[in-house]
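Asks: Quick one: the structure is below, questions incoming.
The values are calculated or read from the model by the stated rules, or taken from the named source; none is laboratory data. Here the structure is a predicted model, which is why all the values come from computation and not from measurement. Positions of Cβ are generated from backbone atoms using ideal geometry, with glycine treated the same way; all protein chains shown enter the neighbour counts.
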Amino acid sequence: MLSEASHSEDRVARLERRLQRERRAREAAEWLLEAKSLELYNANSHLTVLANDLEMRVLDRTHELEVSRQQALFLAERDPLTTLANRGSFARDLDAAINAAHVQGGCVQLLFVDLDRFKEINDNYGHAVGDAVLLAVADRLRAICKEQEVAGRLGGDEFGVICVTPIHSERAREIAAKVMEAMSRPIACGRLQLIVSCSVGFASFPGNATDSPTLQRFADIALYRSKSAGRSTWTEFDETMAAELEHLQGLEAELRSAVAAREIEPWYQPIISTQSNRIVGVEALARWQHAERGLILPGLFIPLAEESSLIIELGLAMIDRCCQEMYPLIREGRLNYVSINLSTRHLRSPSVVEQIAATLARHRFPPSALQLEITESRLLIDFEQAEERLSHFRALGIRIALDDFGAGYSSLSYIRRLPLDVIKIDRSFARDISSDGQAEAVVKAIVQLAQALDLHIIAEGIETESQALRLTSCGCFVQQGYLFGRPMSLRKITQYLEAGANPMHATQR
C-alpha cells in the first residue's frame, strides 16, 4: 500500500513539474508573442509614418513640378525683363485674334510703339538706367490697356498692343493718344528725371490688311512715318504710305551709293559782314544731284542718313570736299572760313577728331579756316561727350559755332562750359525782329552776352534789308540769309567772289 502511495505521489509530482514547464513555456511563448506583436506594431506604425511622409513628399514634389512647369510656360511666353508678352507669344495672340475676327466679325487693331533715341539713353547712362526706363514704359502700357488687350515687348525698345474692337472703333487712336500723354511724364531713375518720347504707328484688320503679316507690315510702315515726321507722334496707316516707303527705301539705297561715289556735293551760302559789306565766310550745305530725280534737297535725304551711321560717312565726305574746294579761296584771302554742320552721331564717334585732323593735313587746310556747327538740341543728348569732342576740335585750332541759339534749349551753363567761338542766332529772331519788340530785346541781350564771353555773333535767316538793318543796329554785324545769297555751287560762289558782287543786292541770286 505504501509503495503504491509513494508511486502515486511521484506521478503527481512529475505531472506538476510538467505542468509548470508547460506553463513557463506558454508564458514565455506569450511574452515572446506579445513582444513580437509590439515590435510588429511599432514597425507597422513606423511604416505608416514613412508612407504618409512619402505621400506628402510626392505631393509636394508634384506641386513643385507643376509650379515649375507653369513658370516655364509663363516665361516661354513672357519677356524676362518686363513680363509683357514676348515676340513669339505676341505673334500667336495676333494670329488668334485675326482668326477669331474672321469667324465672329469685328476688328483687330495693331499698334507698334518705338522709343525715340533709346540707344542714346543706354550709351549715356548705362544699361541699368535703360532697363529702368523699359520697365516704366511697360508699366504705363499695362495701365493703358484693358483686360482683354495684349501688350508686348517685341525686342529692344519696341513694344506692341493688340486690341479687338467693333468695326470702325477709335480705340487705337485712343491708345495712341494715351501713350503719348503717358510718355510726356518724366521717368524717375534714381536722381535722374528722364523725358523719353515715343513714336506710334497702327493699322487695322480688315480695314487695312487681310492677314497677320500684312497687318504687321502696315503698322510698321505707319511707325516709320511717325519717326520720319520728327518722332513723338502717332500715325494711322493709309494706302499711300506703302508706296512712299518703297520710294524712301529705294532712295536710301541710292543714297548709300551716292555717298560712296561722292555724288553728294557741297553748295555754299555766303556769310557777310555788314560793316565791310563783303563775304567773310560760307556755310556748306549738302546737295544731291540725282541722275534721274534731279536736285534733291537735304530735307529729304539728310533724315534718311541720320537714321543710320551713313550720316557720319556723308559728313566726313562733305568736310573732305569742302577742304579741297575752298583751299584756293582761303589761301588767296577771298574767304576767311567755311562752316559745316556736325550731327549727333559725329559727336559720338570715337574716331571723328582724328579723321577730321587727317583731312585737314591731307589738304593742307588751315584748321582756323574750318568752322564746325552743332545745334543746341544735339548737345543735350550727351553734353559731357559733346564737350569732350568739341574741346579736342578746339585744341586743333578749329572754330566751334553753336547753331540755332535761342530756339528753345538755351542754357547759360552750356555756353560757359563749351569751347565756343561763335553763336548763331536762330532765324526766328530775324523773322520777327521787324515787328516784335521782344524779339529785338532778346537779340540785344544775346549780343551783350556774347560780348561778355568774347564770342562772335552770326544772325541767320535774313531775307529783307529791313531785317538786316535792324539786326545791325542791335550789334549783329555778321549775317547770313537769302538777302545775301542762296546756297550755290562751287562754280557760282567762285564767280560771285571774283565779280566782287555787293552782298546787299544779292537777293535774286
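Asks: Being small (Gly, Ala, Ser) and either in a strand (DSSP E or B) or modelled with pLDDT of 70 or more (or both) is true for just one of 51, 97, 35, 72. Which residue is that?
Replies: Details: 51 fails: either in a strand (DSSP E or B) or modelled with pLDDT of 70 or more (or both); 35 fails: either in a strand (DSSP E or B) or modelled with pLDDT of 70 or more (or both); 72 fails: either in a strand (DSSP E or B) or modelled with pLDDT of 70 or more (or both).
Among 51, 97, 35, 72, only 97 is small (Gly, Ala, Ser) and either in a strand (DSSP E or B) or modelled with pLDDT of 70 or more (or both).
Asks: Which pairs do you get when a residue that is closer than 12 Å to residue 440 by Cβ, found in region 465-477, comes within reach of a residue that is hydrophobic (A, V, I, L, M, F, W, C) and assigned to a helix (DSSP H, G or I), reach meaning Cβ atoms under 7 angstrom, with the pair 6+ apart or on two chains?
Replies: 467/430; 471/430; 471/443; 474/443; 474/447; 475/447; 476/443; 476/447
Asks: From the list 286, 229, which residue is assigned by TED's automatic domain parsing to the domain that holds residue 203 and either under 29 Å from residue 460 (Cα atoms) or touching a strand residue (DSSP E or B) at 6+ places or on another chain (Cβ under 8 Å) (or both)? Before you say what the answer is, go through the steps one by one.
Replies: Working: 286 fails: assigned by TED's automatic domain parsing to the domain that holds residue 203.
Of 286, 229, the one residue that is assigned by TED's automatic domain parsing to the domain that holds residue 203 and either under 29 Å from residue 460 (Cα atoms) or touching a strand residue (DSSP E or B) at 6+ places or on another chain (Cβ under 8 Å) (or both) is 229.
Asks: Within region 293-390, considering only helices (runs of 4 or more DSSP H) that don't extend past its boundaries, which have at least 1 residues that are assigned by TED's automatic domain parsing to the domain that holds residue 458 and under 30 Å from residue 495 (Cα atoms)? Working first, answer last.
Replies: Values: elements: 298-306, 310-331, 344-348, 352-363, 376-379.
Once the helices (runs of 4 or more DSSP H) in region 293-390 are filtered for at least 1 residues that are assigned by TED's automatic domain parsing to the domain that holds residue 458 and under 30 Å from residue 495 (Cα atoms), what remains is 298-306, 310-331, 352-363.
Asks: Looking only at region 145-174, filter to residues that are farther than 20 Å from residue 208 by Cα and without any contact (Cβ under 8 Å) to a residue 60 or more places away in the chain; which one of those is surrounded by the fewest Cβ atoms within 10 Å (Cβ to Cβ)?
Replies: This residue is 147.
Asks: Any residue at all in region 262-273 that's of a type outside the set (Ser, Thr, Tyr) and under 27 Å from the mean Cα position of the chain (by Cα)?
Replies: First pass over region 262-273, keeping only residues of a type outside the set (Ser, Thr, Tyr): 262-267, 269-272.
If we keep only those that are under 27 Å from the mean Cα position of the chain (by Cα) too, we end up with none.
No, region 262-273 has no match at all.
Asks: For region 336-360, which positions are of a type in the set (Gly, Ala, Ser) and in contact (Cβ under 8 Å) with a residue 24 or more places away in the chain?
Replies: Taking region 336-360 and keeping what is of a type in the set (Gly, Ala, Ser), we get 339, 343, 349, 351, 357-358.
The answer is 339, 343, 349, 357.
Asks: Further, regarding this structure: If a residue must be surrounded by fewer than 18 Cβ atoms within 10 Å (Cβ to Cβ) and either modelled with pLDDT of 95 or more or part of a helix (DSSP H, G or I) (or both), how many such residues does region 102-121 contain?
Replies: Adding up the residues that qualify gives 5.
Asks: Does residue 442 meet the test of being over 34 Å from the mean Cα position of the chain (by Cα), modelled with pLDDT of 95 or more and assigned by TED's automatic domain parsing to the domain that holds residue 330?
Replies: On the way: over 34 Å from the mean Cα position of the chain (by Cα): yes; modelled with pLDDT of 95 or more: no; assigned by TED's automatic domain parsing to the domain that holds residue 330: yes.
For residue 442, the condition - over 34 Å from the mean Cα position of the chain (by Cα), modelled with pLDDT of 95 or more and assigned by TED's automatic domain parsing to the domain that holds residue 330 - is not met.
Asks: Hand me the list of strands (runs of 3 or more DSSP E) wholly inside region 136-228 holding 1 or more residues that are modelled with pLDDT of 90 or more. Before you say what the answer is, go through the steps one by one.
Replies: Working: elements: 150-155, 158-165, 187-189, 192-194, 198-205.
By residue number, 150-155, 158-165, 187-189, 198-205.
Asks: Before we move on, is residue 373 within 18 Å of residue 286 (Cα to Cα) and more than 20 Å from the chain's Cα centre (by Cα)? Can you show your working first?
Replies: Working: within 18 Å of residue 286 (Cα to Cα): yes; more than 20 Å from the chain's Cα centre (by Cα): yes.
So residue 373 passes the test.
Asks: Look at region 175-223 and say how many of its residues are of a type outside the set (Lys, Arg), within 30 Å of residue 103 (Cβ to Cβ), surrounded by fewer than 22 Cβ atoms within 10 Å (Cβ to Cβ) and more than 19 Å from the chain's Cα centre (by Cα).
Replies: Counting residues in region 175-223 that are of a type outside the set (Lys, Arg), within 30 Å of residue 103 (Cβ to Cβ), surrounded by fewer than 22 Cβ atoms within 10 Å (Cβ to Cβ) and more than 19 Å from the chain's Cα centre (by Cα) gives 9.
Asks: Within region 122-134, restricting attention to residues that are at pLDDT 90 or above and surrounded by 14 or more Cβ atoms within 10 Å (Cβ to Cβ), which residue is nearest to residue 237 (Cα to Cα)? Give the derivation first.
Replies: Taking region 122-134 first, the residues at pLDDT 90 or above are 128-134.
If we keep only those that are surrounded by 14 or more Cβ atoms within 10 Å (Cβ to Cβ) as well, we get 129-134.
Details: 129: 33, 130: 30, 131: 30, 132: 31, 133: 28, 134: 26 Å.
Going through the qualifying residues, I end up with 134.
Asks: For residue 467, are the conditions met, namely being touching a helix residue (DSSP H, G or I) at 6+ places or on another chain (Cβ under 7 Å), at pLDDT 95 or above and closer than 17 Å to residue 430 by Cβ? Working first, answer last.
Replies: On the way: touching a helix residue (DSSP H, G or I) at 6+ places or on another chain (Cβ under 7 Å): yes; at pLDDT 95 or above: no; closer than 17 Å to residue 430 by Cβ: yes.
Here the answer is no, as residue 467 does not meet what is asked.
Asks: Continuing with the same structure: For residue 263, state whether it is at pLDDT below 90, assigned by TED's automatic domain parsing to the domain that holds residue 461 and surrounded by fewer than 23 Cβ atoms within 10 Å (Cβ to Cβ).
Replies: On the way: at pLDDT below 90: yes; assigned by TED's automatic domain parsing to the domain that holds residue 461: yes; surrounded by fewer than 23 Cβ atoms within 10 Å (Cβ to Cβ): yes.
Considered against the rule, which asks whether it is at pLDDT below 90, assigned by TED's automatic domain parsing to the domain that holds residue 461 and surrounded by fewer than 23 Cβ atoms within 10 Å (Cβ to Cβ), residue 263 comes out as yes.
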